[in-house]
1. Under 16 Å Cα to Cα from residue 316, which aspartates and glutamates show up? Leave out anything in the same chain fewer than 8 places away.
2. Just the number please: accessible area per residue for segment 245-377, 1.4 Å probe, all protein chains included, in Å².
3. Quick one: of 340/365; 372/508; 334/372; 107/132; 247/269; 130/340, which pairs are farther than 30 Å apart, Cα to Cα?
4. Pairs of alpha-carbon atoms within less than 8 angstrom and 6+ residues apart define the contacts here; what relative contact order does the chain have, in percent?
5. Between segment 305-379 and segment 219-285, how far is it from one alpha carbon centroid to the other, in angstrom?
6. Is the chain rounded, prolate or oblate when judged by the Cα gyration tensor, a ≥ b ≥ c being the square roots of its eigenvalues, rounded requiring a/c under 1.5 and prolate requiring a/b larger than b/c?
7. Name the residue farthest towards the positive end of the dipole of the chain from the options 323, 282, 146, assuming +1 on Cβ of Lys and Arg, -1 on Cβ of Asp and Glu, about the Cα centre.
8. Going by alpha carbons, how many degrees (0 to 90, nearest 10) lie between the helix axis of 284-309 and the longest principal axis of the chain?
Amino acid sequence: MNDTLQIIFGLFGGLAIFIYGMNLMSECLQKAAGERMKQILGLLTRNRLMGVVAGALVTAVLQSSSATTVMAIGFVSAGLMSLPQAISIIFGANIGTTITAQIIAFKITDYIYVFVFAGFIVSFLSKNEKVKNIGRTVFAFGLLFLGIETMGDVMKPLASSPVFTNMIAQVADIPVLGVAVGTLMTLVVQSSSATIAVLQNFASQAGPDGVTSILGLAGAIPILLGDNIGTTITALLACVGQSRDAKRTAVAHSIFNISGAVLFIWFVKPYAAFIQYISPKGIEVEVISRQIANAHTIFNLTMTIIWIFLLGVMVKIVTKLIPDGKEGLADLSKPCYLDKNILTQPAAALRLVAQEVLHCSEMVKTMLLDVKEAVGSGSTNLLQEVKTYGEALDSLHVEIHEYLAELFSAGVLTEQQASQTAQLLYVLSDVERMGGLAVELGDSLQARKEKKYNYSPEAMDDLEKSLTYIETMYEDAMTALASGSLEPLQRSLEQKETVLDLDIEMRKQHMQRMNKGTCKKKLSVPFMQILHCIDRMGNSCVNLAEVASNQMSFTYFIGAESK
């Protein structure tokens with residue numbers, strides 16, 4: 001293999017090891033973080049300042065500002081946070097992403113294989129899931145630096161190539177060209193952390209004198225600015241087909257990085273001098289990696305401080321660029337919260353699933369109310385609405401199952417998350433069953449109307465009364481699940497005996513009415529079918545209440561909401 005091919009394959013091979021190590025470290029950090037990851041996500045919807053902090057923390061765990069940005073877009077699209085909160089998370093994500101560059105700046109060449117071996121041994125021998133994930137994180141950390149070392153080794157011959165050094169000199173002398181190179185690199189690799197790692201490694205190569213960087217800090221900064229611009233493409237792609245606020249969030253991310261590049265490009269040399277002043281001193285090739293990391297951090301901190309005070313201005317800009325328009329009618333059968341872009345972040349994905357299940361429960365609540373009103377009014381429109389909601393509920397049930405199947409197949413769930421997901425599915429099955437029973441009850445009432453079954457007024461009153469109890473029972477059970485409160489749970493369980501007593505009493509009174517001749521005997525079977533349907537509804541409500549009594553709460557997934 002000739003030298004050129006060896007350099008090309010070595011560079012891309014090292015980059016592949018680096019990206020794989022970074023992704024593996026992200027996945028294992030999420031699993032090792034467990035409950036803490038959920039707590040960090042709980043900060044997302046509190047206030048703007050906490051949004052910045054949470055954005056930085058989540059990015060530190062995910063090792064990707066793009067992943068955090070995509071998550072913020074998903075949440076704002078689902079209506080779980082406001083546009084200003086989502087934008088503040090973007091600001092925090094840009095700070096958090098600099099941690100990778102800071103880690104890379106540490107010289108641990110002599111310990112790479114120690115990390116790889118130690119991480120492998122811990123993950124291979126441990127039976128504890130959390131310890132195993134910590135071992136994998138250490139192993140991935142070693143791979144990350146192994147990739148960097150591989151890239152560094154193949155780049156060394158380039159430093160002695162006159163053609164290459166002349167080309168680099170042009171990039172270093174023309175900042176705009178450096179910005180273009182950095183942007184293009186990140187657009188291709190789809191990871192600013194990876195391209196900045198390449199930049200740090202390349203800048204650490206010595207020029208002809210053996211001590212001066214082949215690129216220099218002033219030449220590296222424009223490329224660094226371009227890397228920050230290039231990373232916005234992921235957010236722009238993620239917002240395609242999303243809500244208007246999601247598009248505005250992605251545009252805000254682009255404005256943040258582009259405005260920073262436009263501002264800093266005029267002060268490249270003074271900025272380089274400032275970074276050199278505050279960074280460790282020494283031979284340039286030995287300290288430039290840390291200088292680039294510091295330049296990356298200071299750039300994002302400065303732009304965050306500027307824009308956090310101009311957050312209202314940012315909101316006005318993106319609102320002007322993407323103005324309000326006419327909203328189409330919502331498709332009931334389409335999920336309101338599920339976002340496949342964040343399947344690789346299980347804590348966030350499960351949060352959206354929980355919200356979607358609660359959305360389904362609200363649909364069922366509407367169906368129960370319509371059925372109850374239809375008993376008294378005989379409205380065909382209400383019964384048709386129940387049928388429409390039932391069809392939409394079936395579609396959503398399938399969508400949620402498919403989403404969770406993809407989440408499981410991704411292999412990113414911890415054992416605890418998998419267990420909690422099973423409980424979510426259990427709740428979903430009872431919610432869907434309640435919807436199906438509401439449709440069945442609606443069909444029975446429609447058949448009564450079409451076949452002119454004339455139940456006695458007493459029977460209809462009893463039906464309406466029992467449905468009122470079912471509606472209250474269901475609402476209390478779902479409130480207990482959504483909030484974790486025991487008060488509505490207690491009421492729901494107490495209603496169980498009331499519904500059972502009422503069911504027995506209704507059957508008894510129906511028999512008495514038949515004996516007296518006030519109810520026709522041929523109506524007994526359809527009426528008993530209606531009672532059986534209500535009885536099954538009561539059982540599903542009890543199931544939901546029992547899940548809540550086992551201390552399963554949706555607050556585990558969604559936390560406290562505040563906008």
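1. 245, 324
2. 46
3. Over 30 Å Cα-Cα: 247/269.
4. On the way: 827 pairs, mean separation 84.1, N = 563.
Relative contact order of the chain: 15 percent.
5. Between the Cα centre of segment 305-379 and that of segment 219-285, the gap is 31 Å.
6. In terms of gyration-tensor shape, prolate.
7. Working it through, the farthest residue towards the positive pole turns out to be 323.
8. 40
The values are calculated or read from the model by the stated rules, or taken from the named source; none is laboratory data. Note that this is a predicted model, so its numbers are computed, not measured. No Cβ is skipped: glycine too gets one built from the backbone with ideal geometry, and neighbour counts run over all protein chains shown. Accessible surface areas use protein heavy atoms only, side chains included; no ligands, DNA or RNA. Shrake-Rupley method; radii C 1.70, N 1.55, O 1.52, S 1.80 Å.
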